[in-house]
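Student: Attaching a single structure in structure tokens format; questions to follow.
The values are calculated or read from the model by the stated rules, or taken from the named source; none is laboratory data. Computed from a predicted structure; not experimentally measured. Cβ coordinates were reconstructed from backbone atoms using ideal geometry, including for glycine residues, and neighbour counts include every protein chain displayed. With ligands, DNA and RNA removed, areas are computed over all heavy atoms of the protein, side chains included. Shrake-Rupley method; radii C 1.70, N 1.55, O 1.52, S 1.80 Å.
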Amino acid sequence: EPEVTQTPSHQVTQMGQEVILRCVPISNHLYFYWYRQILGQKVEFLVSFYNNEISEKSEIFDDQFSVERPDGSNFTLKIRSTKLEDSAMYFCASRLAGATQETQYFGPGTRLLVL
Amino acid sequence: SQKIEQNSEALNIQEGKTATLTCNYTNYSPAYLQWYRQDPGRGPVFLLLIRENEKEKRKERLKVTFDTTLKQSLFHITASQPADSATYLCALTTGFQKLVFGTGTRLLVSP
């Protein structure tokens, strides 16, 4: 069964460094998302992406964050200058297009630790 | 303000019993609601979706109800098994299809 994959599974970085989290969505999906989950808290929406542009973003998704679909398969989240509070699990999700194709499928996540 | 509330305390039940989890929401008008399972350190796994015009949805041992008047969804697992132990997340969808999650309810099924 097709699934969303994410790399790396774990990332440790120093405060102020740039990180890029990578996702390979399910191949025929057209909507892509990033969510994050701080330890012990709920899953929070960051950004949605469709047709090569951001369709919605949350307040969390400030100028330090960016997303890109550099080729036909990858979807990336970049954090330009990481802060301690960026430490969290980051989940990528994707879904089909279409009015009845609402289900989002999540990847296993990248655990980001900012020191 | 908008809220999605799930029981924050863990639900402990015995194997074979029916687990019932609750999701209440305020100040949302979701077109549909989804339930996900999350194991520690893993991503949410989709279980069931129910639309606003549906009262009930079933899949194997799982059943979801959706009452838009009460603004509540109930999630049932019948004949529960220890392998069902996990955190169950309720998620609403708003305008642009982003998911808004509740805090989740941890289910523990004892043998």
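Student: Taking 0.36 nm per residue of sequence separation and subtracting the Cα-Cα distance, how much length would be gained by fully extending the chain between residue B:42 and residue B:76, in nm to one decimal?
Tutor: Working: separation 34, 0.36 × 34 = 12.24 nm, distance 2.20 nm.
Full-extension gain reported as 10.0 nm.
Student: A further question follows. Multiply the residue gap between residue A:80 and residue A:68 by 0.36 nm, knock off their C-alpha separation, and tell me the result in nm, one decimal place. Please list the in-between numbers first.
Tutor: On the way: separation 12, 0.36 × 12 = 4.32 nm, distance 1.32 nm.
This chain segment gains 3.0 nm when fully extended.
Student: Given 0.36 nm per residue, what is the gain on full extension from residue B:11 to residue B:94 after removing their alpha carbon distance, in nm? Walk me through the numbers on the way to the answer.
Tutor: Numbers: separation 83, 0.36 × 83 = 29.88 nm, distance 2.81 nm.
That pair, residue B:11 and residue B:94, stretches by 27.1 nm at full extension.
Student: Another question about this same structure. Put simply, what bits of region A:51-70 lose 40 Å² or more of accessible area when the other protein chains are there, versus the chain on its own (1.4 Å probe)?
Tutor: Relative to the lone chain, where solvent access is computed with a 1.4 Å probe, region A:51-70 loses at least 40 Å² at A:56.
Student: Could you grab the relative contact order for chain A? Cα pairs under 8 Å, six or more apart, rounded to a whole percent. Walk me through the numbers before you get to the answer.
Tutor: Details: 278 pairs, mean separation 43.6, N = 115.
Rounded, it is 38 percent for chain A.
Student: Could you run the numbers on buried accessible area between B and A, total for both chains, 1.4 angstrom probe, in Å² to the nearest 100? Let's see the in-between values first.
Tutor: On the way: alone 6490 and 6720 Å², together 11550 Å².
That pair of chains buries around 1700 Å² in total.
Student: In percent, what relative contact order does chain B have, based on Cα pairs under 8 Å that are 6 or more apart in sequence?
Tutor: Working: 271 pairs, mean separation 39.8, N = 111.
Relative contact order of chain B: 36 percent.
Student: Starting at 0 and stepping by 5 Å, how many percent of the alpha carbon pairs of region A:5-114 end up in each bin?
Tutor: Each 5 Å bin holds this share of Cα pairs: 2, 13, 24, 27, 19, 10, 4, 1, 0.
Student: Another question, if that's okay. Structure shown: which of A:78/B:63; B:17/B:71; A:42/B:71 lie over 30 Å apart, alpha-carbon to alpha-carbon?
Tutor: Listed pairs above 30 Å: A:78/B:63.
Student: Give me the 1.4 Å probe accessible area per residue for region B:55-111, excluding ligands and nucleic acids, in Å². Mind showing how you got there, number by number?
Tutor: Working: 2710 Å² over 57 residues.
Accessible surface, normalised per residue, equals 48 Å².
Student: Next up: Counting pairwise Cα distances across the protein assembly as shown, what percent come out greater than 26 angstrom?
Tutor: Working: 9484 of 25425 pairs.
Roughly 37 percent, rounded to a whole number.
Student: Ok, one more. Percent of accessible area on the protein assembly as shown owned by carbon and sulfur, 1.4 Å probe?
Tutor: Solvent-exposed carbon and sulfur of the protein assembly as shown make up 47 percent of the total.
Student: Name the longest site-free stretch of chain B, where the excluded sites are GluC sites (Glu not before Pro) in a DSSP loop with no more than 12 other beta-carbon atoms within 10 Å. Walk me through the numbers before you get to the answer.
Tutor: Numbers: sites that count: B:9, B:52, B:60.
Counting only loop sites that pass the neighbour cut-off, the longest clear stretch is B:61-111.
Student: Please check: in the Gaussian network model of chain A (C-alpha springs, under 10 Å), which one of A:26, A:79, A:38 has the largest mean-square fluctuation.
Tutor: A:38
Student: Moving on to the next point. Per-residue Cβ counts within 10 Å, from other chains only, averaged over B:40-50: what number is that? The partial results should precede the final answer.
Tutor: On the way: counts 0, 6, 6, 17, 10, 3, 6, 1, 1, 4, 0.
The per-residue average across the peptide is 5.
Student: What percentages, rounded to whole numbers, describe P(r) for region B:27-91 computed over all alpha carbon pairs with 10 Å bin width beginning at zero?
Tutor: Going from the shortest bin to the longest, the percentages are 20, 52, 25, 3.
Student: If R₀ is 30 angstrom, what is the calculated FRET efficiency for the pair residue A:7 and residue B:108, using the beta carbon separation as r and rounding to 0.05? Walk me through the intermediate numbers first.
Tutor: Numbers: r = 32 Å, r/R0 = 1.07.
After rounding, the FRET efficiency stands at 0.40.
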